[in-house]
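Working notes, structure below.
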Amino acid sequence: MYDVNTERIDQVLQHMQRSIGLLQTLSGRGAEAVLADEVAVAAMERALHLAIEAVIDVGNLLIDGFIMRDPGSYADIVEILRDEQVIDDGQARQLTKATEFRRHLVNEYTHVPVKDMFVLVTEVLDSFRQFDPAVRAYLEKELF
């Protein structure tokens, strides 16, 4: 009935776990230690960017596969996932904050507000962790 690329979703979610692990390690070091270390800041930027891209990519795969409404923006992808009950309201709020921060990492990368980035990571880390099981539960409910 639906043409959902579950293999690609699985690949992206597995890759996302590595980014989440790195974000968890870095945030555990504390803001002062991370912000004083140029390599740690670069690693956090990259890991956050990849985690955000994973949410966007998996969201698009679900939207396309289940023929949900077309998104108008990256934040709209998260809203559609909330509307379709893939994620809950709390996760949607946090993941929307992350997708909105994406422009700093992609378009304004020469002036990333690193203190704000560190705060964002600590705020959204739980929602990133919850994303994988939420997506898998949705797939299980809809496909099997």
Kindly state which helices (runs of 4 or more DSSP H) lie completely within region 2-81 and contain at least 3 residues that are under 25 Å from residue 143 (Cα atoms) and open to solvent by 30 Å² or more (accessible area, probe 1.4 Å). 6-29, 38-65
Under 7 Å by Cβ, and 6 or more places apart or on different chains, what pairs join a residue from region 76-89 that is basic (Lys, Arg) with one that is modelled with pLDDT of 95 or more and open to solvent by 10 Å² or more (accessible area, probe 1.4 Å)? 82/89
Could you figure out which of (1) of a type in the set (Val, Ile, Thr); (2) more than 15 Å from residue 134 (Cβ to Cβ); (3) not in a helix (DSSP H, G or I) isn't true of residue 87? (2)
Would you confirm whether or not region 128-140 contains a residue that is open to solvent by 30 Å² or more (accessible area, probe 1.4 Å), in a helix (DSSP H, G or I) and over 18 Å from residue 17 (Cα atoms)? yes
Checked region 82-100 for anything crowded, with 20+ Cβ neighbours inside 10 Å and either closer than 20 Å to residue 141 by Cα or more than 12 Å from the chain's Cα centre (by Cα) (or both); matches are 86, 87, 91
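The values are calculated or read from the model by the stated rules, or taken from the named source; none is laboratory data. Nothing here was measured: the structure is a model prediction, and the numbers come from that model. Note that each Cβ is placed from the backbone with ideal geometry, even for glycine, and that neighbours are counted across all protein chains shown. Note: accessible area is taken over every heavy atom of the protein model, side chains too, but ligands, DNA and RNA are not part of it. Shrake-Rupley method; radii C 1.70, N 1.55, O 1.52, S 1.80 Å.
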